[in-house]
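J.: Sending over a structure as structure tokens; questions will come in a sec.
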Amino acid sequence: MIHLSFRRRDGLARTGVLYQGARPPLRLPAVAGWREHFADPGTLQNTNLPLCAPVAFVSQYPPPEGIQPVSIHPQRENRAQSGDCVMVAGWQTAFHNPRNYVDWLIGLKEKTPPDTVWYAPASALPSTVAILCYSGFDLFDYTAVDLMSAKGRFCTPEGDLPRDAQESGICSCPGCAVHDLKEHNRSVVREEIARVRWFIDHGQLRDLVESRCRLDAAQVAILRHLDRQYTVMERAVPIARGGVMRANSGESLHRPEVRRFMERVIGRYIPPKTDVAVLLPCSAKKPYSVSRSHRKFQQAIGGRAHELIITSPLGLVPRELECVYPAGHYDVPVTGHWDAEECTVISDILVRYFEKHPYRRVIAHLEGGALKVAELAADRCGMTLEYSCREHPAGTAALSALDAALAGERRIKDNRLLGMISYQFNADVDTRGIVSRGRFPELFYSRDNSQLFSIDTATGLLRPTFNGWALIPEGYRVQIDDFMPEGDVLVPGVTGADPAIRDGDEVLVKGARAIATGRAALPAEDILRSRRGVAVRVRKIKKL
Ligand SMILES: [Zn+2]
């Protein structure tokens, strides 16, 4: 009998605990000895088929029934159920072909319930566990490192080295102290898994994977192929995290949350009513408004234009969205120079935005790479840019030129709330009569003294009250059965969920007896495909 409890999820990766009868519980992701934790290998006949074996071959070798782990294979119909431990034999061979790795992985994930533990036998090396966990594997054994020990290879998170590297002082684990290669290799894979667990719990696994994969071309290729599976990966990535998003590599441009931000700015976001825009550079400090340079820009603009920040890797951040994850959370190396891919991807975003929202005047208050990108975009959509500077945007001369360029333009009505509602809930809302109070960025919105929304300063997301939800006509609803929720809403009580819901989204729970506000703990699809676990962390319940 196994029992499974996931704690944190980040994309396909999870942390949690696996309880297996009388055996000691395992903190996932975990590496464990085969005999202590898994079925007797003798009972697993017909499970070790090559991953590339065709259907006709695989169907001749049905896996054993009724034992854990349940063997799954890209060419076999899914037999696993919620709560099972599933095993993908031979996964280490998938590293030889990154495209297959990703195709098989996505296929297997789609046909297997999300609340299952994923075991990759003979696959875990200190250099591969980060990407394996990022791919959604939770459980490993010592076979791969023991094989390395037998071959006289010294394993490190940076790859495996010749045996004499053990004498170089790279590692001072108890194994190395007594020149025991096997003990070292086992200890370093345990250590790396503990590190991965920490990074998952803190919402930073992607940053670790981007750094770990550098020394192995296959892993870089796997990461890039996974990013191309945008629909699947975006669904799994939480809507926000509290910490910093480090955008330090070329892959950052294609991170699912970065692309989701871009797509929502184009597809959902509703700008305030004005036909004058100023393009501004980003600032290292976030949200931009609290930086010195942006305070100067805002003073010079005096509310007479819509402010759009041009930045890598997010592309274009309307002022209204500056606090929303990841706009208020990213850190990026600033050189002033933008590479060709950044220029292409980001100018493309600008073209799409300006084709959807044409302005009478667009003033570029930019320099360097950001200016070049704006010019590229303007060329492509036949837009004439005005320039208030070409260098030192925060300098006195540039700021006076910006002020002068806006002479005669009328002050526009600030509508930060509409910008945020449209982005977060894909809704258009009449915000007339709504007033804000509080000290930026901790704002509260109300109408007729009744509070409608507050801003969660950690994520920059709006938190609607029941009255706030009444303004949002549809979407982000979770339907529950005819019961009175006490505390969090669990998966079995849910009868329906808006497919747009992602882990961390604000949702309205609706049932026959009660409604509740809260935050989704899983994406809609996983809520509907799972049998256990928390679906919504409830904040407030109202009896009907
Ligand atoms: Zn060591």
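Read-outs: derived from the displayed coordinates by stated rules, not from any lab. Predicted model only: the values in this text are computed from it and were never measured. Cβ: placed from backbone, ideal geometry, glycine included. Neighbour counts: every protein chain shown.
J.: Any idea what the dipole of the chain comes to, in debye rounded to 20, about its Cα centre with Lys/Arg Cβ at +1 and Asp/Glu Cβ at -1? Each step should come with its number before you reach the end.
T.: On the way: 70 positive and 63 negative charges, 308 e Å.
Taking the Cα centre of the chain as origin, the dipole is about 1480 debye.
J.: Between beta-carbons, use under 9 Å as the cut-off and find the net charge around Ala516, counting Lys and Arg +1, Asp and Glu -1.
T.: Taking every other residue near Ala516 into account, the sum is +4.
J.: Taking the Cα centre of the stretch 376-496 as origin and charging only Cβ (+1 Lys, Arg; -1 Asp, Glu), how large is the dipole, in debye to the nearest 20?
T.: 500
J.: Right, something else. In terms of Cα to Cα distance under 26 Å, which lysines are near enough to Lys372, apart from those fewer than 8 places away along the same chain?
T.: Candidates past the 8-residue exclusion: Lys285, Lys286, Lys296, Lys356.
J.: For Lys182, which aspartates and glutamates qualify as cross-link partners when the Cα separation must be under 16 Å and same-chain residues fewer than eight apart are set aside?
T.: Within reach: Asp141, Asp146, Asp160, Asp164, Glu167, Glu191, Glu192.
J.: With +1 assigned to the C-beta of every Lys and Arg and -1 to the C-beta of every Asp and Glu, and no other charges, what is the dipole magnitude of the stretch 25-132 about the Cα centre in debye, to the nearest 20?
T.: That gives the stretch 25-132 a dipole magnitude of about 200 debye.
J.: Give the residue from Leu12, Phe354, Ala378 lying farthest towards the positive end of the charge dipole for the chain; charges sit on Cβ (+1 for Lys and Arg, -1 for Asp and Glu) and the dipole is referred to the Cα centre.
T.: About the Cα centre, the residue reaching furthest to the positive side is Phe354.
J.: Placing +1 on the Cβ of each Lys and Arg and -1 on the Cβ of each Asp and Glu in the chain, which of Gly433, Thr344, Gly159 has its Cα farthest towards the positive end of the resulting dipole?
T.: Gly433
J.: Right, here's the next one. If I fit a long axis through the Cα atoms of helix 256-267 and take the longest principal axis of the Cα atoms of the chain, what angle between them do I get, 0 to 90°, rounded to 10?
T.: 30
J.: Using the C-alpha atoms of the stretch 244-306, what convex hull volume per residue, in cubic angstrom, is computed? Can you show the working numbers first?
T.: Values: hull volume 7.1 nm³, N = 63.
With only Cα atoms used, the stretch 244-306 gives 112 Å³ per residue.
J.: Between 0 and 90 degrees, rounded to the nearest ten: what's the tilt of helix 292-301 against the longest Cα principal axis of the chain?
T.: 40
J.: Which percent of Cα-Cα pairs in the stretch 188-251 sits in each 10 Å bin, short to long?
T.: Here the calculated profile for the stretch 188-251 is 18, 49, 32, 1.
J.: A follow-up question, please. At 222 nm, what helix-only mean residue ellipticity would the chain give, in deg cm²/dmol to the nearest 500, using -39500 (n - 2.57) for each DSSP H run of four or more?
T.: -9000 deg cm²/dmol
J.: How much net charge surrounds Leu28 when only other residues with a Cβ under 9 Å from its Cβ are counted (Lys, Arg +1; Asp, Glu -1)?
T.: Here the count lands on +3.
J.: Moving to a separate point now. Note the per residue figure in Å³ for the convex hull of the C-alpha positions in the stretch 72-165.
T.: About 90 Å³ per residue, rounded to a whole number.
J.: Turning to a different aspect of this structure: I need the calculated FRET efficiency for the pair Ser172 and Val435, taking r as the beta carbon distance and R₀ as 56 Å, to the nearest 0.05. Write down the numbers at each step before the final one.
T.: Details: r = 61 Å, r/R0 = 1.10.
Efficiency, from the Cβ-Cβ distance: 0.35.
J.: Another question about this same structure. If you filter the stretch 390-438 for trypsin sites (Lys or Arg not before Pro), then keep DSSP loop positions with at most 15 other Cβ within 10 Å, what is left? Could you put the intermediate results ahead of the total?
T.: Details: sites: Arg390, Arg410, Arg411, Lys413, Arg416, Arg432, Arg437; in loops: Arg390, Arg410, Arg411, Lys413, Arg432.
For trypsin sites (Lys or Arg not before Pro) across the stretch 390-438 that sit outside H, G, I, E and B with at most 15 neighbouring Cβ atoms in 10 Å, the list reads Arg390, Arg410, Arg411, Lys413, Arg432.
J.: Which value, in Å to one decimal place, does the Kirkwood hydrodynamic radius take for the stretch 405-544 when every pair of different Cα atoms is included?
T.: 16.1 Å is the Kirkwood radius here.
J.: Can you give the angle from 0 to 90° between the axis of helix 340-356 and the longest principal axis of the chain, with both taken from C-alpha atoms, to the nearest 10?
T.: 50
J.: Nearest 5 percent is fine: what portion of the DSSP beta bridges confined to the stretch 343-481 is antiparallel? Numbers along the way, then the final one.
T.: Numbers: 12 of 16 bridges.
Rounded to the nearest five, the antiparallel share is 75 percent.
J.: Could you derive backbone 3J(HN,Hα) for the stretch 71-84 from the dihedral phi with the Karplus parameters 6.51, -1.76 and 1.60 (θ = phi - 60°), listing whole Hz in sequence and x where the residue is Gly or Pro?
T.: 6, 10, 8, x, 9, 10, 5, 5, 10, 6, 10, 3, x, 6
J.: If I take R0 = 41 Å and measure r between the Cβ atoms of Leu385 and Ala194 in this structure, what FRET efficiency does the formula 1/(1 + (r/R0)^6) give, to the nearest 0.05?
T.: The pair Leu385/Ala194 has a calculated efficiency of 0.20.
J.: Then there is this: Within the chain, what's the longest run with no GluC sites (Glu not before Pro) in a DSSP loop and at most 10 other beta-carbon atoms within 10 Å? Give the range, please.
T.: Details: sites that count: Glu65, Glu77, Glu474, Glu486.
No qualifying site falls inside 78-473, the longest such stretch.
J.: How much net charge surrounds Ser283 when only other residues with a Cβ under 15 Å from its Cβ are counted (Lys, Arg +1; Asp, Glu -1)? Intermediate results must be reported in sequence, preceding the final value.
T.: On the way: positive: Lys285, Lys286, Arg292, Arg295, Lys296, Arg319; negative: Glu307, Glu322, Asp331, Glu367.
In short, +2.
J.: Tell me, what is a quarter of the convex hull surface for the C-alpha atoms of the stretch 360-442, in nm² with one decimal?
T.: Averaged projected area of the stretch 360-442's Cα convex hull equals 8.2 nm².
J.: Which residue, chosen from Gln68, Pro393, Val237, occupies the Cα position most advanced towards the positive end of the dipole of the chain, where the dipole is computed from +1 (Lys, Arg) and -1 (Asp, Glu) charges on Cβ about the Cα centre?
T.: Pro393
J.: Let me ask another. Which FRET efficiency, nearest 0.05, do Asp448 and Arg163 yield, Cβ-Cβ r, R0 60 Å?
T.: For Asp448 and Arg163, the calculated efficiency is 0.20.
J.: Return the Rg/Rh value of the chain, two decimal places, where both radii are evaluated on C-alpha atoms and Rh is the Kirkwood radius.
T.: 1.02
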